[in-house]
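Here the structure comes first, spelled out in structure tokens, and everything after it is commentary.
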Amino acid sequence: MSDGQTGETKQRTALVTPEKIEGEPGLYWRGGMIYARVRVDGKQTFRCTSTDKIAAARKVLAKWREDAVMRQHGIEPKQAALERNRLTVAAVLKEYVEFGFPDRKSRIKKTAATRETEGKSIQRLEAFFGSRAAVSLTLKDCDAYRKWRANGGYTWQHGEKLRRSRAGDRCVDIELQTLGNALAHTVRQEKLKANPLTGRGRYHSEEDTRHCRETAPTPQQLRIIAQTFRQRSEDVIADCLLFLGFSGLRVREALRLDWEAVDWANGVIHVKREKRGINPFVAILPEMETLLHEMQTRAPSHMLFPSDLDVNRPLPYPTVANKLRNLCRSTGMRHVTLHGLRSFFVTQCRESGLPDTEIAALIGDKSGPAIIARTYGDVRPEHLLKQAQRVRFLVGVKPNAETPKFVAQRPQTIRP
């Protein structure tokens, strides 16, 4: 029987009105099986006994009531302890996915990008922890997982080649955080008494974080990158990189845009922010306007950045990232990333005199000016030097006739 047929059978059975069995309190016939009338979480409901024998169903109901009384008095039934000890990490992760990746407060408010990241993390976690009993996990296992990931323990088949993935401390922390979330969800479901990874520290230090401002290009570098891609007849890649630098958008926010989002009348581009961002628009500045007009002359479809394989689909994110990385390596240029173009926009705004509060609003970040100073913002040395040359100390300037002379006078002593 297929999964679809099984689901249909269960649905038909659920619609059958239970028929009370005479002389057997709490037992009912439904769909050829015996169901028990029990209380779950304070609500009356029916539970299948998985038998059509009255004697066996009677024992199942008695066992159910006995276990309920034990739980009510804080005593765990033996069967529950056995099930907890048999619960594998793979089962924990599977249930976490089925519930929609809930957070520690059982709320499903994560963005699509976060769910995608956790989905990839689960594949790697299953490869290492899958068959392990969840109750037996220790913090030492986290150290073993870190070593396994750093040495390329996670492999997958890509065509005829076997690929190995190595991960740094930050990636390992993200993956173990996903495992901790799944275990916390299992604790809420009362399938585990406690989260065995509670108190796990982080391997990655904030001091070692490479912020996007460290991978941002200068205006000259961005110009050279765009010209190089155009010389290679890769205009869509060049357009995308310039667009990111002129808008400050995240990569995924920009790639899915189409020409209907461009509002020429109001001078804005309507966008859908990620990470619950604010201000769903981007101002069309003079450089952006010139770029958009050039892109219109080459547009083969309604997408701003169409794919080479299908012009009605957006350019894939890995394609843009890989091409930019390969260009920097082949030319010996300083490493530039796509998120560094967001920092490029912030730096240009800063050097143009905009306050950090307004810049944060322009890039749709509701964290405010703090994240601009801590993560995105930068001041280039040449701009800093120009600003320093504006400083005047007024020390050693000879007074002239027009300069008033101030003579310091000692305060007079008041005598009685």
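Checking the conditions here, which among Thr215, Thr178 is modelled with pLDDT under 90 and within 23 Å of the chain's Cα centre (by Cα)?
Unique residue meeting the criteria: Thr215.
Quickly run through the range 195-253 and pick out the residues that are surrounded by 13 or more Cβ atoms within 10 Å (Cβ to Cβ), within 30 Å of Lys140 (Cβ to Cβ) and hydroxyl-bearing (Ser, Thr, Tyr).
Tyr203
For the range 263-307, give me each residue that is crowded, with 16+ Cβ neighbours inside 10 Å, free of Cβ contacts under 8 Å to residues at least 24 places away in the same chain and either touching a Leu at 6+ places or on another chain (Cβ under 6 Å) or on the phi > 0 side of the Ramachandran plot (or both).
Ser307
Kindly indicate whether any position in the range 54-61 is surrounded by 13 or more Cβ atoms within 10 Å (Cβ to Cβ) and touching a helix residue (DSSP H, G or I) at 6+ places or on another chain (Cβ under 8 Å).
Checked the range 54-61: no residue is surrounded by 13 or more Cβ atoms within 10 Å (Cβ to Cβ) and touching a helix residue (DSSP H, G or I) at 6+ places or on another chain (Cβ under 8 Å).
Select from the range 146-189 the residues that are within 20 Å of Glu206 (Cα to Cα) and among the acidic types (Asp, Glu) and write down the one among them that is surrounded by the fewest Cβ atoms within 10 Å (Cβ to Cβ).
For the range 146-189, the residue satisfying everything is Asp169.
Any chance the range 367-375 includes a residue that's modelled with pLDDT under 75 and not acidic (Asp, Glu)?
yes
Only one of these is in contact (Cβ under 8 Å) with a residue 12 or more places away in the chain and in contact with a Cys (Cβ under 8 Å, 6 or more places away or on another chain): Leu242, Leu176, Leu192. Name it. Spell out how you get there, then give the answer.
Working: Leu242 fails: in contact with a Cys (Cβ under 8 Å, 6 or more places away or on another chain); Leu192 fails: in contact with a Cys (Cβ under 8 Å, 6 or more places away or on another chain).
Going through Leu242, Leu176, Leu192 in turn, just one is in contact (Cβ under 8 Å) with a residue 12 or more places away in the chain and in contact with a Cys (Cβ under 8 Å, 6 or more places away or on another chain): Leu176.
Take residues that are of a type in the set (Ser, Thr, Tyr) and not assigned by TED's automatic domain parsing to the domain that holds Arg374 and tell me which of the helices (runs of 4 or more DSSP H) falling wholly in the range 93-210 contain 3 or more.
Working: elements: 112-129, 139-150, 169-188.
Output list reads 112-129.
Considering only residues that are touching a Cys at 6+ places or on another chain (Cβ under 7 Å) and of a type in the set (Gly, Ala, Ser), look in the range 336-361 and name the one that is nearest to Pro217 (Cα to Cα).
Gly340
Considering (1) within 23 Å of Arg329 (Cβ to Cβ); (2) part of a loop (DSSP other than H, G, I, E, B); (3) at pLDDT below 90, say which one Ser233 fails and leave the rest.
Unmet for Ser233, out of (1) within 23 Å of Arg329 (Cβ to Cβ); (2) part of a loop (DSSP other than H, G, I, E, B); (3) at pLDDT below 90: (3).
Being surrounded by fewer than 14 Cβ atoms within 10 Å (Cβ to Cβ), within 17 Å of Glu253 (Cβ to Cβ) and either of a type in the set (D, E, K, R) or in contact with a Lys or Arg (Cβ under 8 Å, 6 or more places away or on another chain) (or both): is that true of Lys366 here? Quick ask: steps written out before the conclusion?
Details: surrounded by fewer than 14 Cβ atoms within 10 Å (Cβ to Cβ): yes; within 17 Å of Glu253 (Cβ to Cβ): yes; either of a type in the set (D, E, K, R) or in contact with a Lys or Arg (Cβ under 8 Å, 6 or more places away or on another chain) (or both): yes.
Yes; evaluated as a whole, the condition is true for this residue.
Restricting to the range 41-53, give me the number of residues that are outside any strand (DSSP E or B) and either on the phi > 0 side of the Ramachandran plot or surrounded by 13 or more Cβ atoms within 10 Å (Cβ to Cβ) (or both).
Final tally of qualifying residues: 5.
The values are calculated or read from the model by the stated rules, or taken from the named source; none is laboratory data. Bear in mind the structure is a predicted one, so any value in this text is a computation, not a measurement. Here Cβ is always computed from backbone atoms with ideal geometry, including for glycine, and neighbour counts include all displayed protein chains.
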